[in-house]
Amino acid sequence: MTGTVPAGPHVVLCRSCDGLSFTLVRCSCTYGGNRLLVSADDWQPGEPYHDCLECDGVGTVGRPCHDCGQTGRRRAQRVLTMVNIDTGAVASASVVPGVVRPEPWLDDGDKSWCLPLAPLLHELAATVGAGSWTDVREPHSTDGPLIPLPPGWRPEHSASHRKVLEAQAIAWQSSDAWRLYLGRTAVPPPPDPAADLGRRCRLADLLCLDLVVEVRRQPYGAGLTWALRYELPGGPVPAEPRGYAADLATAITTTSDADACYGLDELGRTVAAHQLTPSGPPPAEPPTIDLDQLERRILADCVDLTTGAENPGAQAIWRDGGWWHTSLRDAGTLETLSEQSTGQILSRHTTLLRRGWQPPAPSWLGPPIEYVDCPDCDPNSRLQHCDCRLFGDRADPDCVRCAGSGRSPSLMRCFTCGGTRRIHRDVTVTITDLAGRVVHLTWSAGGPGWRTGVRLWRLDKAAGQARPAGEELWRSGEQVPAPHVATHPGGKPLHQLPGQFRLGGWADTFDIRPEDLVELDGRGQLDQDLRYGTVTLHHLGADPLTEYVTHAARSRPGARLFLLARRPDVPPLADVVRLVLGLRLGITVTVVDHAPNAGDLRLVQGESWDVTIDCPGREPAPADPPGRPTPEAATAFCLDYLDLAIAGNVPADPEQSIPVPQTPTPIEVDDPVPFLRRLARHHAGQPVAVHYTGTTCQVWLRDRDCVRQLATAPTLPAAVGALGL
């Protein structure tokens, strides 16, 4: 039995390495046997590979123990922290042996026991006045946290023996040692899955997309899982499931709009491109969905009606205002070969699925878009344009990658086409706020002139219904004016197209800033060239419009570019600073004002922001460079990775306890945005940062390769005042 280490309180030996900080494990070559080509389907222990590059045929290798961080010990402590975002109050509890009363688990009598942490979490929520909360690490988790105890734990054992076993159980979860929960004072209304699904159906009609509800059977009889996503018509069925909900209602409530749009580009990469021809007004109200009937119909398609055999799954596709049902069938397997670190070749077989029945094409699908084959990649192999031709059209005869042929294999997507294997001459830009407003733009470079189609649907809130405002603008046969506005250092000219090709101009339609426009799939930043309508000509005599449209359509699913026109839904930056200070951590906010670049469209415009959570005591430094265009975008990025920041602030030394922050009276913080903008304007072109700790506020400046501190004061206004600004 692993006992308590006497060196410090609540520290136990790591049972993974028995305190040695490393482990001897079976080499991965033994799972394939003494063969060069091994199959993932036959992955079981056996004879080691005699020519293994890792173990030299011995069969075992030494590995550093990652469970304990190569210290040989693990901390028997777990901290739960509840933060009320609305008030800034923070309350925490330290879970150590003897704090939580064990309870029976799994309803198997006295065989299984656990430490339930849900009651402790409810006490913390009551302390900070939170009526609801979400787990930062698992936002969709509904089960309360618990710690399973070892099978040998019994209530009749001595107190010292029980604490030893409890310490082992707590220490075994040291990778999740500090758990953070974000609470809100108000209790949100209960979810309405049927109404939410109806809203998404209406949105799919507006976006000219399919809404797919899918159920799949899991391997080894693990049951059914449900998923919800948007797709382009004609796309393949994903090889891997995209959701893990146990029923349809859970899939709807736990799938956000961002989750439903995730993978839209990947799934539609091989879809044939068509123009959009929406006809008729959009639906005025979301459709009424009978959730129970829909779920029963989808489950019925999971069984073959003629043979009674189980199908791999089924789908319901919302298209053209109605549901289309189909089963999923086996479409063979795909073999993938990959080289292993042992020197072996691993063969993986992935089961492909197809729809048992294809619904008819949607009414809004127009004529196909013209394209040419990509000149820099082979559609039937992994051969692509070799890097030796980057600085000229002639291949290097001594190139080790292509042997002078000009093409070499690559695991990356082709840079020219983005993996679509096609160069499209038209592109459709869809801009939406995911709340009912959608704009469809069509840019075409297929002839001597140009044309751009615009169709805009507005939601008339006063009348309580959607009114079509369809427009067809900017149709002409004249050449598009694209003046030369700058020249790159290498001599390549930069041209700017007229306003109808500058996506930043559509921000006013959605009451946002141009910097708030992001890509719908993954929320990536919009290319600055597309925002300002600029294009760099890489070849003499190239047409600016053709190059611009080709660039916009590159790697887009079905030659469609989807943009989200909505400000990030995040708390104010001052509230985030208050939250971090309540956790007894530090936070650094960096901004660069690119005022010296104004008017030079070759360079970054506007501002760049960064928000980073720091360990206490670590010397701060401005981010170089900041990567977000607005403070809201930087805040959203920081909150998206808040769980990693919390995990990174757990002390590495297991004998050092995790801090247990308690902040019943929140720290007042002034809005740092206007003060930082004043500092950034004074030091235009250089990163300036403010670093908050529990007691001080430091202002830093990055001047070329030097980082220096400008001022220190209790508050940011005082620090700015001390600088005379």
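The values are calculated or read from the model by the stated rules, or taken from the named source; none is laboratory data. Computed from a predicted model, the values in this text were never measured in an experiment. Cβ coordinates were reconstructed from backbone atoms using ideal geometry, including for glycine residues, and neighbour counts include every protein chain displayed. Keep in mind that these areas ignore ligands, DNA and RNA; they rest on the heavy atoms of the full protein, side chains included. Shrake-Rupley method; radii C 1.70, N 1.55, O 1.52, S 1.80 Å.
Gln709 to Arg26: extension gain in nm, 0.36 nm per residue of separation minus the Cα-Cα distance? Please list the in-between numbers first.
Numbers: separation 683, 0.36 × 683 = 245.88 nm, distance 5.18 nm.
So the chain would gain 240.7 nm between Gln709 and Arg26.
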Nearest 20 debye, what's the magnitude of the dipole of the range 549-663 about its Cα centre given +1 on Lys and Arg Cβ and -1 on Asp and Glu Cβ? 640 debye
Which far-off residues, 5 or more places away or on another chain, put their amide H under 5 Å from the one on Val303, with H placed in the peptide plane? Asn311
Any chance you could look up the accessible area of Thr185 with a 1.4 Å probe, heavy atoms only, rounded to 10 Å²? 70 Å²
Within the range 116-134, name every residue whose backbone N is under 17 Å away from a label modeled 7 Å from Cα of Val660 along the Cβ vector. 116-128
If you take the square roots of the eigenvalues of the alpha-carbon gyration tensor of the range 233-352 and sort them as a ≥ b ≥ c, do you get rounded (a/c under 1.5), prolate (a/b over b/c) or oblate? prolate
Ellipsoid semi-axes in whole angstrom, largest first, where each is sqrt(5λ) of the Cα gyration tensor of the range 175-299: 27, 21, 17
Normalised by the residues of the range 188-338, what does the relative contact order come to in percent, with Cα pairs under 8 Å and at least six apart? 28 percent
Backbone HN-Hα couplings from phi across the range 508-522 [Karplus 6.51/-1.76/1.60, Hz, Gly and Pro as x]: 4, 4, 9, 6, 10, 8, x, 5, 7, 6, 9, 6, 5, 8, x
Can you tell me the FRET efficiency between Asp192 and His66 if r is taken as the Cβ-Cβ distance and R0 is 60 Å, rounded to the nearest 0.05? 0.85
Low-density loop trypsin sites (Lys or Arg not before Pro), the range 674-712, at most 10 other Cβ within 10 Å, DSSP non-H/G/I/E/B, are Arg704
Let a ≥ b ≥ c be the square roots of the eigenvalues of the Cα gyration tensor of the range 513-650; is it rounded (a/c under 1.5), or, if not, prolate (a/b larger than b/c) or oblate? prolate
Accessible area of Leu710 in the full protein assembly, 1.4 Å probe (Å², nearest 10): 50 Å²
Would you pull out the residues with amide H under 5 Å of Arg319's amide H, same chain only if 5 or more places away, H placed 1.01 Å from N? Trp324
Distance histogram for the range 122-246 (every C-alpha pair counted, 5 angstrom bins, percent rounded to whole numbers): 2, 7, 11, 11, 12, 14, 14, 11, 8, 4, 3, 2, 1, 0
Quick one: P(r) of the range 98-179 from all Cα-Cα pairs, 5 Å bins, percents rounded to integers, in order of increasing distance. 3, 13, 22, 22, 18, 12, 7, 2
Relative contact order in percent for the range 334-446 (Cα pairs under 8 Å, 6+ apart) equals 19 percent
Pairs of Cα atoms farther than 13 Å apart, the range 533-587, %: 73 percent
How high is the relative contact order of the chain? Use alpha-carbon pairs under 8 Å, at least six apart in sequence, and give a whole percent. 11 percent
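How large is the direction-averaged shadow of the alpha-carbon convex hull of the range 15-89, in nm²?
Averaged projected hull area, Cα only: 8.9 nm².
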How much of the pair distance distribution for the range 494-569 lies past 16 Å, counting alpha-carbon pairs only, in percent? 52 percent
Which GluC sites (Glu not before Pro) does the range 331-397 hold that lie in a coil by DSSP with at most 16 other beta carbons within 10 Å? Glu370
Sparsely packed GluC sites (Glu not before Pro) within the range 156-228, loop by DSSP, other Cβ within 10 Å at most 16: Glu156
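Given a Förster distance of 45 angstrom, what is the FRET efficiency for Gln358 paired with His488, based on the Cβ-Cβ distance and rounded to 0.05?
On the way: r = 48 Å, r/R0 = 1.06.
The formula returns an efficiency of 0.40 here.
Which value in Å is the Kirkwood Rh of the range 299-456 over different Cα pairs? Mind showing how you got there, number by number?
Working: mean 1/r = 0.0478 Å⁻¹.
Evaluated over the range 299-456, this radius sits at 20.9 Å.
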Longest to shortest principal axis, alpha-carbon extents of the range 592-698, angstrom: 56, 26, 23
Put Arg413, Arg319 in order of accessible area, largest first, 1.4 Å probe: what do you get? Arg413, Arg319
Pairing rule first: another cysteine's C-beta must sit under 4.7 Å. Under that rule, which cysteines of the chain stay single? Cys114, Cys201, Cys208, Cys261, Cys302, Cys615, Cys638, Cys697, Cys706
If each DSSP helix of 4+ residues adds -39,500 (n - 2.57) and the sum is divided by the residues in the chain, what number results at 222 nm, nearest 500 deg cm²/dmol? -5000 deg cm²/dmol
In sequence order, calculated HN-Hα J values of the range 219-226 (Karplus, 6.51, -1.76, 1.60; Hz; x Gly/Pro): x, 6, x, 7, x, 10, 10, 10
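If each residue of separation counts as 0.36 nm, what is the full-extension length gain between Arg677 and Asp508 once their alpha-carbon separation is subtracted? Working shown, then result.
Details: separation 169, 0.36 × 169 = 60.84 nm, distance 2.30 nm.
Extra length available between Arg677 and Asp508 comes to 58.5 nm.
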Could you work out the equivalent-ellipsoid semi-axes for the range 42-177, taking the square root of 5 times each eigenvalue of the Cα gyration tensor, largest first, in whole Å? 36, 22, 15
For the range 183-200, Karplus couplings with θ = phi - 60° (6.51, -1.76, 1.60), whole Hz, Gly/Pro x: x, 10, 5, 7, 8, x, x, x, x, 10, x, 5, 5, 5, 5, x, 4, 5
Taking only protein heavy atoms and a 1.4 Å probe, the highest-to-lowest accessible-area order of Arg513, Arg554, Arg355 is Arg554, Arg513, Arg355
Skipping prolines and chain starts, which residues have an amide H placed within reach, meaning under 5 Å, of the one on Gly586, given they are 5 or more residues away or on another chain? Asp614
Please list log₁₀ I(q)/I(0) at q = 0.11, 0.14, 0.19 Å⁻¹ for the range 60-140, using the Debye equation with identical point scatterers on the alpha-carbon positions. -0.48, -0.71, -0.97
Spin-label zone in the range 127-171 - amide nitrogen under 12 Å from a point set 7 Å from the Cα of Ala258 along the C-beta vector: 139
